[in-house]
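Remarks on the structure that follows.
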Amino acid sequence: MSENAWLIPAIPFVAFAAIVFFGRRFPCKGAGLAIMAMSASLLISLVIAFGAIAHGGHFEPIIKSAAWIPYGDTAINVGFTVDALTIVMLIVVTVVALMVQIYSVGYMHGDPRFGRFYAYLSLFSAAMLGLVLANNLLILYICWELVGVSSYLLIGFWFERPTAMRAAKKAFLVTRVGDVGLFLGILAIYLKIGTLDLQTVLSHESVSVMAKTMVQIGPWALPLAALASLGIFWGAVGKSAQFPLHVWLPDAMEGPTPVSALIHAATMVAAGVYLVARTYPLFAYSEHSFSLNVVAYTGAITALMAATIGFTQYDIKRVLAYSTISQLGFMMMGLGVGGYVAGMFHLMTHAFFKANLFLGSGSVIHGTGTQDIREMGGLRKHMPWTFWTFIIATAALAGIFPLAGFWSKDEILLTAFHANKIIFYAGVLGAFMTAFYMSRLCILTFFGEPRDSHIHAHESPKVMTVPLIVLAFLSIIAGWVGLPGKNLFAEFLHTDLLHLEHHAFSMTIAAIGTLAALTGILLAYIVYMTPASKAVAALGEVSIFKLIHSLVYNKYWLDEIYGVIIIRPLFALTRYMYAFDRWVVDGAVNAVGWLTLLISRIQGWVDKWIVDGAVNLIGILTKGGGLALRRLQTGVAQQYALIMIIGLLALTWFYLK
């Protein structure tokens with residue numbers, strides 16, 4: 001079945017095309033077709049996964065390729081690769097995409113562009129699956145850009161809303177900034193290695209060549225492997241919303257909630273983490289890789305910064321958006337400290353509980369009609385299925401034993417403890433902050449009494465709650481493939497391209513992470529569910545705390561800073577260039593045009609009145625002479641005789657004189 005892996009992205013892509021052209025003729029405007037297509041992709045992925053597991057996980061990667069673009073004596077190939085990393089991502093993407101599509105039947109019911117929504121979902125999923133399977137950097141880049149286009153279409157799906165339209169443009173443009181780095185990284189690799197095939201690029205020989213090739217940049221000399229990997233990472237920074245290109249992701253919440261679940265759990269933001277993992281040999285080109293340090297510290301800064309912002313947000317989807325940014329930072333931290341397995345393990349578990357949380361938030365919005373958690377409260381009584389699945393996913397995200405997030409978070413902390421103590425402490429602090437802001441979200445949403453009497457909450461239909469139950473179940477058990485003693489996930493993801501040290505489970509590290517999470521939960525309970533909340537509110541009125549709250553609530557004013565130092569100067573430059581183009585470039589072109597017109601008019605006048613005038617004058621004189629001479633030709637013989645006599649007399653007189 002692995003030889004037919006190309007069908008996995010092909011089937012949803014065909015569904016996309018069919019819905020675009022014939023969607024109105026299908027039942028449910030194509031929703032059923034999209035769900036069946038994704039189910040088929042999931043089934044094929046599961047068959048491939050079980051086949052790999054049957055080989056004990058240690059199987060040779062399946063690589064299929066064919067010549068695509070010939071040039072010189074060689075060609076750029078197109079094809080796919082099926083290895084352990086591919087299989088993990090295929091399962092994650094297809095499971096989450098299928099749950100999102102089923103859920104959307106209820107959430108998007110009655111939308112006038114219902115069919116178009118499912119077409120875009122199919123395209124989005126197909127692009128991500130193509131990216132995962134690509135065995136060539138060019139194909140990967142094409143699918144990477146197609147993922148960006150799909151996200152633009154889905155974030156701006158309700159384009160009649162100005163906020164959604166602006167959010168779509170912001171996401172598209174900010175991620176394009178990162179894509180420039182990815183393109184340059186790919187170009188650097190191609191110029192040195194001469195091929196874009198991942199198997200060749202990531203081989204020990206190619207990485208060694210790039211590691212030994214030094215590039216001088218001002219006073220610094222860096223290995224080509226470092227420059228190429230940093231270019232690739234800059235692309236991941238854009239797609240996976242890492243600092244400083246994270247600003248697009250919270251605004252992307254303007255799209256329909258199922259889109260948010262798909263973006264945050266399995267497609268767009270996961271693409272950046274997957275890209276770093278896929279090209280990991282380039283990052284781990286040396287024992288103390290500069291590139292990996294950049295990845296680790298970028299992840300740590302992102303994780304802590306986004307977590308602090310999550311403390312102060314009141315839009316339920318924005319809290320989850322900053323949670324995603326923070327958890328993506330965790331994944332990058334894991335990859336940056338050598339935790340190839342840990343980073344991908346957290347990506348897998350996070351996909352299930354974050355999809356659960358976003359779809360749960362959509363259920364809350366569907367049942368209450370609001371996204372502001374200050375207007376909620378007491379929803380556990382009215383939305384029991386949503387409540388319990390949300391609580392399970394929250395506990396998994398916080399890293400509570402024995403849920404999925406506990407095992408993957410522990411892997412990252414364990415790896416960081418042995419590799420970089422600064423990153424380890426940042427991870428522990430991040431675990432505490434995650435538990436706090438997620439507990440705050442649950443308390444304000446589901447506990448206490450309703451704070452708005454106009455809200456009449458109701459549970460969502462089964463088509464929405466069943467996916468929540470499935471994802472909640474996966475949020476519980478997905479981490480069990482990484483149990484101590486027999487870490488099946490680590491064994492399965494093993495690759496000969498990397499020589500990574502795997503650390504045995506540490507009860508001490510697990511206890512530290514769990515204690516941090518429980519402390520966060522306890523503090524949230526004290527602040528929001530006990531009389532101490534009044535004291536905290538009074539403390540918030542102190543000037544210094546009001547300033548800190550304002551700083552964090554306004555997202556450190558990063559959007560405003562970017563507006564001042566980038567957007568406004570860019571707009572000013574574009575206005576200047578427009579004026580230069582209009583008055584200088586166009587002015588010069590128009591001046592040449594007017595001068596040409598003036599010269600042509602002068603030439604026309606000279607041609608008409610001088611050249612043509614001279615010719616016409618000769619004609620007139622000739623005509624006048626002819627008229628005068630015509631009068632001498634009367635045809636009367638007597639006149640001719642008289643003229644002859646007069647002429648003879650004149651000649652005689654002249655000679656005699």
| What accessible area per residue comes out for the range 159-299, rounded to a whole number of Å², with a 1.4 Å probe? | 35 Å²
| message | Rolling a 1.4 angstrom probe over the protein chains, ignoring ligands and nucleic acids, what is the accessible area of Lys29 in square angstrom, nearest 10? | response | 100 Å²
| said: Probe radius 1.4 Å, ligands and nucleic acids left out: which of Glu411, Glu145 has the largest accessible area, and how do the rest follow? | reply: Glu145, Glu411
| Could you give the accessible area per residue of the range 23-77, probe 1.4 Å, as a whole number in Å²? | 64 Å²
| message | If you count only protein heavy atoms with a 1.4 Å probe, what accessible area per residue comes out for the range 493-551, rounded to a whole Å²? | response | 68 Å²
| task | List the lysines whose Cα lies under 17 Å from the Cα of Lys170, skipping any in the same chain that are fewer than 8 positions away. | result | Lys239, Lys555
| field | Share of carbon and sulfur in the accessible heavy-atom surface of the range 94-175 [1.4 Å probe, %] | value | 69 percent
| message | Contact order normalised by length for the range 107-250, with contacts defined as Cα pairs under 8 Å and 6 or more residues apart; what percent is it? | response | 21 percent
| Roughly how many percent of the accessible protein surface of the range 560-657 is carbon and sulfur, given a 1.4 Å probe and a whole-percent answer? | 74 percent
| remark: Under 5 Å from the placed amide H of Ile76, counting only residues 5+ away or on other chains, we find Trp68, Ile69, Tyr71
| Given the C-alpha centroids of the range 365-397 and the range 444-460, what is the distance between them in whole angstrom? | 9 Å
| note | Dividing the mean separation of Cα pairs under 8 Å (6+ apart) by the residue count of the range 79-177 yields a relative contact order in percent of 26 percent
| If His246, His204 are ordered by their accessible area, calculated over protein heavy atoms with a 1.4 Å probe, which sequence runs from highest to lowest? | His204, His246
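At R0 = 51 Å, how high is the FRET efficiency between Ala10 and Leu558 if r is their beta carbon distance? Nearest 0.05 is fine.
0.80
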| Out of these labelled values of Kirkwood radius over Cα pairs in Å, [x] 29.2; [y] 30.2; [z] 28.1, which was calculated from the coordinates shown here? | [z]
| query | Using θ = phi - 60° and the Karplus form 6.51 cos²θ - 1.76 cosθ + 1.60, what ³J(HN,Hα) does each residue of the range 74-87 get, whole Hz, x for Gly and Pro? | reply | 9, 7, 7, 8, 10, x, 9, 10, 10, 9, 4, 4, 4, 5
| query | For the range 38-118, rounded, prolate or oblate, judged on the Cα gyration tensor with a ≥ b ≥ c (square roots of eigenvalues), a/c < 1.5 rounded, else prolate if a/b > b/c? | reply | oblate
| said: Longer than 20 Å from Cα to Cα, which of Lys192/Lys212; Lys409/Lys486; Lys354/Lys421; Lys317/Lys354 are they? Say none if no pair is. | reply: Lys354/Lys421
| query | Quick one: Karplus J couplings for the range 401-418, per residue in order, coefficients 6.51, -1.76, 1.60, θ = phi - 60°, nearest Hz, x for Gly and Pro? | reply | 5, x, 6, 4, x, 4, 6, 6, 5, 5, 4, 5, 5, 5, 5, 5, 4, 7
| field | Relative contact order for the chain, counting Cα pairs under 8 Å that sit 6 or more residues apart, in percent | value | 11 percent
| query | Once phi is turned into ³J(HN,Hα) by the Karplus curve 6.51 cos²θ - 1.76 cosθ + 1.60 with θ = phi - 60°, what whole-Hz value does each residue of the range 223-235 show in order, with x for glycine and proline? | reply | x, 4, 4, 5, 5, 5, 5, 5, x, 4, 5, 4, x
| request: Quote the charge dipole size of the chain about the Cα centre in Debye, to the nearest 20; the model charges only the Cβ of Lys and Arg (+1) and of Asp and Glu (-1). | output: 2220 debye
| remark: Expressed in nanometres to one decimal, the distance between label points 7 Å along Cα→Cβ at Lys169 and Val20 is 2.4 nm
| remark: Taking a ≥ b ≥ c as the square roots of the eigenvalues of the Cα gyration tensor, with a/c under 1.5 meaning rounded and otherwise prolate when a/b exceeds b/c and oblate if not, the range 427-534 is oblate
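The values are calculated or read from the model by the stated rules, or taken from the named source; none is laboratory data. Keep in mind that this is a model prediction, so the values were computed, not measured. Every residue, glycine among them, receives a Cβ derived from its backbone with ideal geometry; neighbour counts consider all protein chains shown. Only protein heavy atoms, including side chains, enter the accessible area calculation; ligands, DNA and RNA are left aside. Shrake-Rupley method; radii C 1.70, N 1.55, O 1.52, S 1.80 Å.
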